[in-house]
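A short write-up of the structure that comes next.
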Amino acid sequence: MECNFCHGVYIGGITRMKYHLANVKYQNVVLCQQVPADVKQGMRELISKKDEAKEKKAREAAIRRGSHFHALFVSCFCSHSSFVHFVGSHKETQQAAA
């Protein structure tokens with residue numbers, strides 16, 4: 001895949017190219033130094049929407065698992081995106097909160 005801005009040729013899929021254009025560190029993606037600000041912002045928004053969709057799907061899956069599990073969702077900013085942590089059972093969560 002070739003970048004329209006820096007003309008670098010990169011191996012990988014669209015996700016890697018989004019991170020390249022967004023100038024967000026992700027695995028070993030080389031960041032584009034010539035991408036315009038509006039394109040960079042657009043790619044960051046796409047990445048953010050994808051992360052939000054993943055978090056929503058994870059929350060819904062936790063709810064479907066049943067009432068004996070309680071999921072804590074902690075959005076953490078990693079070098080490339082937010083992610084979700086699931087912590088123990090409902091009983092363990094209540095003990096930790098006390």
- What does the charge add up to near Leu46, with Lys and Arg as +1, Asp and Glu as -1, over the other residues with Cβ less than 14 Å from its Cβ? +3
- Note on the structure: For the pair Val30 and Thr15, the simple spin-label estimate (label points 7 Å beyond Cα toward Cβ) gives in nm 2.1 nm
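Computed from the coordinates by the stated procedures, all read-outs in this text should not be read as laboratory data. If you're wondering where the values come from, they're calculated on a predicted model, not measured in any experiment. Note: ideal-geometry Cβ built from the backbone for every residue, glycine included; neighbour counts use all protein chains shown.
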